[in-house]
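No lab work stands behind these numbers, since they all come straight from the coordinates. Quantities reported herein were computed from a predicted structural model and do not represent experimental measurements. In this analysis, Cβ positions are derived from the backbone assuming ideal geometry, glycine residues included, and neighbour counts consider all displayed protein chains.
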Ligand SMILES: Cc1ncc(COP(=O)(O)O)c(C=O)c1O
């Protein structure tokens, strides 16, 4: 039998002629940096998710930094997040001189556990903010989280890097807390290469973030060149950052945004095919599910009771067959920086550790062909049946 040797990547952005034309239009316009194209992208994004205003930024990491700064996180404060996330969700807390308090994920979930969150809040006294992460695009239990946040007087920042578009009964993930932050990094559900978007319905927070995004200047840069006020007149009123998204990238973002619903349909169809193929395999466990999954990741799990197969073997076996995969995430509390800073052991967050050890993110991207999906399914099934027959042989 001939083997398909083409490499099948774990993620692949889908950029077409429309994105190319949009970039050319901006390149030829004479205005490359943040300007009217970014304003249009912000407006269209805010309309899509139903938020008052959106602010485009050069990454979700920058957006999370701005969000925590805006809700008043400062040295000596405490911010809660889950260890089951990417570096940025916690690093931005340290950028502001505050401390991170990790809270475990729920059992059998990639998302923060509201029950554990209540325990942590009760024990820790004043907490300035909670950063909740909708891992893989599955929204957290926002009702429970927002109730706790109100009780304990803390702000809720949604790390919605994976969660566009994740539509819950209460609205889009990212619009449910005080501030939501999306990522347009190359592997995300819509991409600008690098980039992100902040949304909020709170005018004071929006004003603060808009100013801090752009050097702490009291007027927007494009306004300096278009308004009647002399372009050289501005005031620096804060020590701000440089986190704006240029028009070239916003042009790509606008085209991608217009395709977002179709992209979601394609990813959802792939997730369904994976579900159908893996649900009856005893050594595998489907990803956790719930309403409004954006299917940024399809994080398949090796079943806790599985013998004869582990996650690493699955990763290696796929790789040997030219299929990319990934693992989301190595929990932060096992990373040298966080483990040392807070004297943490891997077993301190057992649910996060357990999920990490069993998880593999399979390729799931809009534009994946039927035969590419079939190839992934075949490779996973082959290893699972080999493991099952090995186990059966040992038991016989
Ligand atoms: C959960 C999570 N939060 C934040 C980020 C940061 O996104 P960006 O690369 O846009 O800064 C990522 C990036 O992958 C992520 O996975």
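Assorted remarks:
- Shape of segment 259-395, Cα gyration tensor, a/c cut at 1.5: oblate
- Between helix 36-49 and the chain: long-axis angle, C-alpha atoms, 0 to 90°, nearest 10: 50
- Span from the segment 280-294 Cα centroid across to the segment 74-137 one, whole angstrom: 24
- Estimated [θ] at 222 nm from DSSP helical runs (n ≥ 4, -39500 (n - 2.57)) normalised by residues in the chain, nearest 500: -13500 deg cm²/dmol
- When each of the peptides 240-253, 14-27 is scored by how many other beta carbons lie within 10 Å of its residues on average, the order from highest to lowest is 240-253, 14-27.
- In degrees, nearest ten, helix 370-395 long axis to first principal axis of the chain (Cα): 40
- Extension gain, residue 289-residue 320: 0.36 nm per intervening residue step, less the Cα-Cα distance, totals 8.2 nm.
- Taking the chain as a Gaussian network of alpha-carbon nodes connected by springs under 10 Å, the highest mean-square fluctuation of the residues 79, 115, 255 belongs to 115.
- Highest to lowest packing among 168-174, 130-136, 83-89, scored as the average C-beta count within 10 Å: 130-136, 83-89, 168-174
- Ranked list, fewest to most other Cβ atoms within 10 Å of each Cβ, for 142, 151: 151, 142
- Shape call, the chain: gyration tensor on alpha carbons, a/c limit 1.5: oblate
- Contact order relative to length of the chain, as percent, for alpha carbon pairs under 8 angstrom and 6 or more apart: 21
- Segment 356-374 residues near the modelled residue 269 label - backbone nitrogen below 15 Å, point 7 Å along Cα→Cβ: 364-374
- The angle between the Cα long axis of helix 311-320 and the longest principal axis of the Cα atoms of the chain comes to about 90 degrees, rounded to the nearest 10.
- The chain: most fluctuating residue of 202, 351, 58 per GNM, C-alpha cutoff 10 Å: 202
- Taking each residue as 0.36 nm, the span from residue 107 to residue 337 lengthens on full extension beyond its C-alpha to C-alpha distance by 80.3 nm.
- Under 14 Å from the residue 313 label point (7 Å along Cα→beta-carbon), backbone N, segment 268-283: 282-283
- Among 110, 152, 185, the residue with the largest mean-square fluctuation in a Gaussian network model of the chain, with springs joining Cα atoms closer than 10 Å, is 152.
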